[in-house]
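Chemist: This is the structure I want to talk about, given as structure tokens.
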Amino acid sequence: MKATTVAAIGAGALLLLRKPKIRKGSVSFATPNRGPAVVMRYLVRLSQRARVPIVITSWTRTPQAQAAAMLAKLERGENLYDLYRNDAAIRALMNADRNLASWASIIDAWTQSGRPLSRHLDGYGTDIRTRNLRPDQIARLMTTARAMGANPVLESDHLHIGWPRP
Ligand SMILES: [Zn+2]
């Protein structure tokens, strides 16, 4: 066997080792909730194109789950006006009693009016775990998501992605 062949095989083996197992996209779930099939296809494509395995921590949420998530953000000292575009809805929440039931009913009313506070309420929002990812992987996910027409927002412990409706 010539040295060049060995080198070629060596390079090939190296390529095999380095090629991530996620050529087909790797999407796993840390939540039982699912959402629209088109969003599932987006997630697989995102993982595939960015070459990053992704773990979904939150997908479709009930108004109660959305209220719980927002109350938790508030507890952590986060500013809801920075995180959500619907200022009028945030004002209504901030003026209401800080409990699950009252927040859930306000959140549901906004959804019924056609202005959902979060894409999670109609299944077009997904959260990706970031604690297991390197900064360059997170950056690639964000760039790739934008190229796919989505709106990624890096939050304290996850990457939120709002997907376009087809
Ligand atoms: Zn989110």
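Here's the yes/no breakdown for (1) of a type in the set (D, E, K, R); (2) more than 25 Å from residue 33 (Cα to Cα); (3) out of contact with any helix residue (DSSP H, G or I) (no Cβ under 6 Å at 6 or more places or on another chain); (4) away from the ligand (no atom under 16 Å from the Cβ):
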| residue | (1), (2), (3), (4) |
| --- | --- |
| 76 | yes, no, yes, no |
| 79 | no, yes, yes, no |
| 88 | no, yes, yes, yes |
| 104 | no, no, no, yes |
| 107 | no, no, no, no |
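Chemist: Testing residue 139 on (1) in a helix (DSSP H, G or I); (2) without any contact (Cβ under 8 Å) to a residue 24 or more places away in the chain; (3) more than 26 Å from residue 37 (Cα to Cα), one condition comes back false. Which one is that?
Modeler: Here residue 139 meets the rest and fails (3).
Chemist: Within the range 50-109, work out how many residues are within 17 Å of the chain's Cα centre (by Cα), aromatic (Phe, Trp, Tyr) and surrounded by fewer than 17 Cβ atoms within 10 Å (Cβ to Cβ).
Modeler: Of the residues in the range 50-109, 1 are within 17 Å of the chain's Cα centre (by Cα), aromatic (Phe, Trp, Tyr) and surrounded by fewer than 17 Cβ atoms within 10 Å (Cβ to Cβ).
Chemist: If you scan the range 137-159, which residues turn out to be within 16 Å of the ligand (Cβ to nearest atom) and either touching a Leu at 6+ places or on another chain (Cβ under 9 Å) or not assigned by TED's automatic domain parsing to the domain that holds residue 39 (or both)?
Modeler: 138, 141, 142, 145, 150, 152, 153, 155, 159
Chemist: Continuing with the same structure: So residue 89 clears everything in (1) part of a helix (DSSP H, G or I); (2) more than 25 Å from residue 59 (Cβ to Cβ) except one condition, right? Which one?
Modeler: Among (1) part of a helix (DSSP H, G or I); (2) more than 25 Å from residue 59 (Cβ to Cβ), residue 89 violates only (2).
Chemist: Oh, and also: So residue 133 ticks every box in (1) in the same structural domain as residue 35 (by TED's automatic domain parsing); (2) closer than 24 Å to residue 37 by Cβ but one. Which box is left unticked?
Modeler: All conditions pass for residue 133, except number (2).
Chemist: If you don't mind, there's one more thing I want to ask. From the set of residues in the range 109-136 that are in contact (Cβ under 8 Å) with a residue 24 or more places away in the chain and part of a helix (DSSP H, G or I), which is nearest to the ligand (Cβ to nearest atom)?
Modeler: 120
The values are calculated or read from the model by the stated rules, or taken from the named source; none is laboratory data. In this text, all values refer to a predicted model and were calculated from it rather than measured experimentally. All Cβ positions, even for glycine, are placed from backbone atoms using ideal geometry, and neighbour counts span all protein chains on display.
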